[in-house]
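These notes are about the structure you will find just below.
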């Protein structure tokens with residue numbers, strides 16, 4: 001008796017529900033329509049804001065750069081001062097990136113894998129470059145290494161020039177980019193734990209084999225991702241570098257500084273031409289960024305990618 | 001290889017994990033370290049492996065002091081609780097790892113490594129999965145890869161930390177039978193940690209029961225089960241119902257239950273605890289010759305060869321009874337029935353939670 005009654009009730013229940021649906025279909029349809037309108041409106045607003053704030057400026061950069069034709073564009077890019085700025089920027093990246101990778105791995109490994117006194121202080125200190133305004137960071141370096149600075153006299157006596165010279169530019173960029181790699185690597189090191197390393201040790205592996213075969217592969221995408229962020233920042237850094245560089249043309253001008261000088265001298269077309277280079281770099285790093293972000297989040301490297 | 005641990009003490013901060021533990025594992029033996037969580041069993045295993053250093057005490061391998069020897073030189077195989085497989089390596093690379101990182105002089109050639117890994121994967125019945133990554137395997141498969149990886153370096157001793165802990169019941173029973181067979185095949189001195197008494201009793205040659213950093217009892221599974229050295233052992237090793245009462249004039253009284261307790265005759269009244277295993281009860285619909293008490297059936301779970309019945313009455317603690325299927329069908333108890341519960345064997349331990357046994361427990 002019970003067994004037959006229950007399915008019957010269920011049939012009635014669904015029947016009731018479908019009837020209710022047909023009763024209120026009209027109301028639901030209008031509600032759905034208004035929801036779609038809201039959704040469409042929000043999407044349109046987002047596209048407009050993006051276009052206004054991001055796409056339009058980018059288009060203007062390219063438009064202004066090419067306003068006087070391709071020849072003028074190429075001339076601006078090939079001018080000795082621009083080439084020197086490009087070279088300096090490349091040099092800065094070439095120095096800061098390896099340092100960042102080494103420091104990031106060391107800091108990430110120590111903070112992510114071990115508990116030691118002062119660990120939380122170290123973590124906080126790592127964020128200092130994010131918290132301090134780049135201009136202030138630049139001034140700190142002037143205060144330390146400038147002619148009248150703390151180490152200034154000693155440096156002067158030994159004929160070493162830091163401020164208003166390439167070392168200053170590199171130092172300032174290092175300061176600003178230091179947290180990027182470490183910040184990406186620490187959470188992964190932490191979540192991976194120590195078990196795989198312990199397993200490798202029991203199997204007889206020494207420190208370096210464990211590091212290169214077990215620890216490093218587990219953070220490799222985060223490492224690349226952090227490096228990309230650091231490189232992008234190193235190329236684009238303006239504030240800190242501006243304070244320490246001295247704006248010596250062909251010597252201590254990085255690309256952003258060079259653009260500013262050109263702009264201040266009302267050389268709009270060349271300024272935009274050089275700016276288009278930075279924009280191009282930004283677009284490329286953005287594409288890599290998207291690619292790496294996917295890798296980093298999926299985490300597991302499948303066949304062929306490992 | 002023979003493993004000896006002598007007077008191992010280890011504390012983490014203010015927590016004393018192991019206090020003066022000694023034990024011996026004979027060559028070719030399969031020993032279970034059994035205990036509740038926090039009893040120190042994993043710490044002891046890690047100290048034997050060399051992953052942890054004891055505060056005091058020694059670990060001897062074949063009579064040779066290995067206490068200060070680095071993990072890398074101890075030649076132990078270790079299977080971690082959560083497998084700890086190298087997630088960026090395939091199954092093949094995982095198993096080959098220990099062979100590839102050997103110093104150049106001792107290292108096998110590529111082909112030899114390949115052959116050895118294939119052989120190990122066949123042993124754990126996973127040769128068809130060598131190109132997979134750990135994330136693509138089931139729990140039981142990961143466990144077997146971890147085992148093959150540990151065996152690859154031809155360890156002198158195999159240590160397993162909760163080897164079946166994170167597997168579902170079916171795979172677990174299958175895998176532990178398989179481990180037992182494998183152990184009989186390769187005759188490697190092995191120690192495994194578990195909190196599951198059934199697992200320890202089924203798989204191990206010898207069981208070492210730990211509690212609060214001490215060895216409570218060590219011996220063959222039937223020794224521990226039939227001759228528990230303490231109330232803790234009896235409680236830990238199986239479904240027991242504990243009755244609290246007092247001993248007076250050579251008898252122990254637990255509410256309506258009273259049994260002979262001759263060892264206590266002529267001494268002042270003391271609190272005692274009576275322990276009865278679930279299968280040492282009988283149920284009847286009326287009172288018989290044996291001493292017992294009335295209780296109401298609260299729950300019946302007829303799964304497997306034994307039927308578990310939970311009974312309760314107002315005064316005594318709820319009682320878990322296991323009946324054979326034949327006995328259950330003959331009696332056919334239903335929820336709400338009032339039945340007469342008769343313990344057929346009870347062990348009396350002095351003091352309520354006093355872990356020591358000073359007198360031989362009598363039988364009713």
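Need one number: nm distance between label points at residue A:77 and residue B:115, each 7 Å from Cα along Cα→Cβ, rounded to one decimal.
Inter-label distance under the simple model: 6.0 nm.
Which one of A:183, A:233, A:213 has the biggest mean-square fluctuation once chain A is modelled by GNM with Cα springs under 10 Å?
The residue that fluctuates most here is A:213.
Assign one of three labels to region B:179-317, namely rounded, prolate or oblate, based on the Cα gyration tensor with a ≥ b ≥ c the square roots of its eigenvalues; rounded applies when a/c is under 1.5, prolate when it is not and a/b is larger than b/c, and oblate otherwise.
Working: a/c = 2.85, a/b = 1.56, b/c = 1.83.
Since a/c reaches 1.5 but b/c is at least a/b, the shape of region B:179-317 is classed as oblate.
With chain B treated as a Gaussian network of Cα nodes joined by springs under 10 Å, which of B:244, B:327, B:206 yields the largest mean-square fluctuation?
B:327
Would you mind pulling out the separation of the Cα centroids of region B:12-88 and region A:39-87, in Å?
Each part reduced to its Cα centre gives a spacing of 64 Å.
Would you mind computing, in nm to one decimal, how far apart the modelled labels at residue B:269 and residue A:208 are, each placed 7 Å from Cα along Cα→Cβ?
7.8
Determine the relative contact order of chain B: mean sequence separation of Cα pairs under 8 Å and six or more apart, normalised by residue count, in whole percent.
Details: 761 pairs, mean separation 56.5, N = 364.
Across chain B, relative contact order equals 16 percent.
Ignoring everything except DSSP H segments at least 4 long, calculate the 222 nm mean residue ellipticity for the protein assembly as shown; use -39,500 (n - 2.57) per segment, divide by total residues, nearest 500. Show your work: numbers first, answer last.
Values: 27 runs with 334 residues, N = 670.
Result for the protein assembly as shown: -15500 deg cm²/dmol, rounded to the nearest 500.
Given contacts defined as C-alpha pairs under 8 Å and at least six residues apart, what's the relative contact order of region B:49-177, whole-number percent?
Working: 158 pairs, mean separation 45.2, N = 129.
The value is 35 percent.
Using the Cα atoms of chain B, I'd like the radius of gyration and the largest Cα-Cα distance, Dmax, both in angstrom.
When restricted to the Cα atoms of chain B, Rg and Dmax are 24.7, 79 Å.
What is the helix-to-structure angle for A:179-192, meaning the angle in degrees between its Cα long axis and the longest Cα principal axis of chain A, kept from 0 to 90 and rounded to the nearest 10?
Its long axis makes an angle of about 40 degrees.
Any chance you could run the full-extension gain for residue A:64 through residue A:131? It's 0.36 nm times the residue separation minus the Cα-Cα distance, nm to one decimal. Each step should come with its number before you reach the end.
Working: separation 67, 0.36 × 67 = 24.12 nm, distance 3.47 nm.
Length gained, residue A:64 through residue A:131: 20.6 nm.
Could you compute the FRET efficiency for residue B:169 and residue A:35, with r as their C-beta to C-beta distance and R0 at 56 Å, rounded to 0.05? List each step's numbers first, then the result.
Numbers: r = 47 Å, r/R0 = 0.85.
That gives a FRET efficiency of 0.75.
Quick one: check the C-alpha center-to-center distance for region B:295-315 versus region A:192-208, whole angstrom.
49
Kirkwood Rh over alpha-carbon pairs of region B:156-197, then Stokes-Einstein at 37 °C and 0.692 mPa s: what D in µm² s⁻¹, rounded to an integer? Write down the numbers at each step before the final one.
On the way: Rh = 10.9 Å.
Using the Kirkwood radius from Cα pairs, D works out to 301 µm²/s.
Quickly work out the residue B:205-to-residue B:185 label distance, labels modelled 7 Å from Cα along the C-beta direction, and quote it in nm with one decimal.
Taking the two extended label points, one gets 1.9 nm.
In nm², what is the average projected area of the convex hull enclosing the Cα atoms of region B:240-350?
Values: hull surface 26.9 nm².
If you wrap the Cα atoms of region B:240-350 in a convex hull and average its projections, you get 6.7 nm².
Sort A:143, B:281 so the one with the fewest other Cβ atoms within 10 Å of its own Cβ comes first.
Values: A:143 14, B:281 22.
So the ranking, lowest neighbour count to highest, is A:143, B:281.
Calculate the radius of gyration of the Cα atoms of the protein assembly as shown to one decimal place, then report Dmax, the largest Cα-Cα distance, as a whole number, both in Å.
When restricted to Cα atoms, the protein assembly as shown yields Rg and Dmax of 37.0, 118 Å.
Residues of region B:186-227 with the amide nitrogen closer than 16 Å to a label point 7 Å from the Cα of residue B:56, along Cα-to-Cβ, please.
Within reach of a label on residue B:56: B:214.
Could you give the length gained on full extension between residue B:104 and residue B:312, defined as 0.36 nm per residue of separation minus the Cα-Cα distance, in nm?
On the way: separation 208, 0.36 × 208 = 74.88 nm, distance 6.88 nm.
Answer, rounded to one decimal: 68.0 nm.
Please work out the C-alpha center-to-center distance from region B:112-187 to region A:230-255 and express it in whole Å.
57
Measure nothing fancy, just the Cα-based angle from helix A:216-236's long axis to the longest principal axis of chain A, in degrees from 0 to 90, nearest 10.
60
With a 10 Å cut-off between alpha carbons and a GNM built on chain A, which of A:80, A:117, A:134 moves the most?
Fluctuation is largest for A:117.
On a 0 to 90 degree scale, rounded to 10, what angle separates helix B:91-100 from the longest Cα axis of chain B?
Value to nearest ten degrees: 70.
Normalising by the residue count of chain A, find the relative contact order in percent from Cα pairs under 8 Å and 6+ residues apart. Could the numbers behind the result be given before it?
On the way: 307 pairs, mean separation 83.5, N = 306.
Relative contact order for chain A comes out at 27 percent.
In region B:3-233, what percentage of the DSSP-assigned beta bridges are antiparallel, given to the nearest 5?
Numbers: 19 of 36 bridges.
Around 55 percent antiparallel, to the nearest 5.
Compute the distribution of all C-alpha to C-alpha distances in region A:135-272, in bins of 5 Å from 0, and list the percent of pairs in each, rounded to whole numbers.
2, 10, 14, 13, 12, 11, 10, 9, 8, 6, 3, 1, 1, 0
Read-outs throughout are calculated quantities, based only on the coordinates presented, and are distinct from any laboratory measurement. If you're wondering where the values come from, they're calculated on a predicted model, not measured in any experiment. We place every Cβ from the backbone using ideal geometry, glycine too, and count neighbours over all the protein chains shown.
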